[in-house]
Amino acid sequence: MKKHRKLIVIVGILVLLVALFLPLPFFIESPGSAQPTADSITVNQHHDQRAGKFLFTTVELSSATPLSLIWAACTPFHDIEARQEVMAGDNTKEYLQMQSYFMENASNSAIEAAFKKAHRSYTKEYLGIYVMSFLKNSHFKGHLQVGDTVSEIDGHRFSSSQAFIKYVKAQKVNQLVTVKYQRHGKTHQTKQKLMAMTHPRRPGLGISLVDHVRIRTTPKVAINAGDIGGPSAGLMFSLQIYSQLTKQNLTKGRKIAGTGTISSQGKVGPIGGIDKKVYAANREHAQIFFAPNDRVTKKILKVDPHYENNYTIAKKAAARLNTKMKIVPVKSLDDAYNYLKTHQ
């Protein structure tokens, strides 16, 4: 009898350990934080100390276990996502590097949009091309890494990715080229063969790439969001920078949350997980929440007949929470600014 009890206890412990710690190929997407943008941004080396806050909102992504999967399925504002869909084939290191790039790019766009709206000058410094991913047969795979910045090829520097690609296209398949690149602040180089690209067939490094730039301004603007990645803080960063740059107290003592990508032209784009961000903002007692009002086209509805834009989802989330927080639709930085100026 004692042996059976002991066996039951051991089995019970094993089942509990499996439920608590066995990793599954899923993520749990849940409400993250609503953080003051002023804590992450300095203009002329100063944080904004005025009353009121702009809040940028986040979504928390955690690896699923059997127990957390069951809990998430029963908990409002928690979604279960397949790991493959979230990571898109990247490993964890590459995924985090991509999120870091998206945050850096969002920060640059936020600064540029704010300075354009304030009619203030700025300059762009071209750093090179940012390595985003590799084709399967790329000879540079294993030498370059996602997140590296390629600054030279065969001793040539270029002012845009288009100029870089034009040079590579003029070479030959299997030709050896020397690439200089930066990784974690250090410069390296590698010499590898160009591969045959398809559609159209031409020589190439076998990488996807984007321009990697740095914005230089006077006064200097610095953005440090810590470990938070992704592009969705762009709008709220722009509002914070513009408010400090022009010395306008746009918050008027209020807590103003929101989300949305920002282009250098000030256009606001949609993001994921907006219902969780509404939840996070409401938890911090925000009075206003800016939600991207992306256009729902016939083309989108043809692919997904049930598609709802960010604003619609945010409104539904607010209704579920029975919050007094005002959900405000925006398509641009101007929309957000005009709302704050006309609604005291």
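Given the Cα-Cα distance of residue 189 and residue 159 and 0.36 nm per residue of separation, how much length would full extension add, in nm? All intermediate terms of the calculation are to be shown ahead of the outcome.
Details: separation 30, 0.36 × 30 = 10.80 nm, distance 1.92 nm.
Net length gain for the segment: 8.9 nm.
What is the local net charge at residue 304, summed over the other residues whose Cβ is closer than 15 Å to its Cβ (Lys, Arg +1; Asp, Glu -1)?
Numbers: positive: 295, 298, 299, 302; negative: 85, 294, 308.
Taking every other residue near residue 304 into account, the sum is +1.
Please report the spacing between the Cα centers of segment 294-314 and segment 121-185 in Å, no decimals.
36
With the full set of protein chains in place, find how many percent of the accessible area of the chain is carbon and sulfur; take the probe as 1.4 Å. The partial results should precede the final answer.
Working: 10260 of 19110 Å².
The value for the chain is 54 percent carbon and sulfur by accessible area.
Which one, 248, 207, 223, projects farthest toward the positive side of the charge dipole computed for segment 200-254 from Cβ point charges (K/R +1, D/E -1)?
248
With unit charges on the beta carbon (Lys/Arg positive, Asp/Glu negative), name the residue among 26, 167, 192 whose Cα is farthest towards the positive pole of the charge dipole of the chain.
The residue sitting farthest along the positive end of the dipole is 167.
Kyte-Doolittle cut-off 1.0, length cut-off 27 Å along the helix's own axis using Cα: show which whole DSSP H helices in the chain pass.
On the way: long enough: 2-21 (28 Å, 1.71); 92-117 (37 Å, -0.65).
Qualifying helices: 2-21.
What's the extension gain from residue 135 to residue 80 if we count 0.36 nm per residue and subtract their Cα-Cα distance?
Working: separation 55, 0.36 × 55 = 19.80 nm, distance 2.92 nm.
In short, 16.9 nm is gained.
The values are calculated or read from the model by the stated rules, or taken from the named source; none is laboratory data. The shown structure was predicted, so the numbers you read here are calculated from the model rather than taken from an experiment. All Cβ positions, even for glycine, are placed from backbone atoms using ideal geometry, and neighbour counts span all protein chains on display. All accessible areas refer to the heavy atoms of the entire protein, side chains included, with ligands and DNA or RNA removed. Shrake-Rupley method; radii C 1.70, N 1.55, O 1.52, S 1.80 Å.
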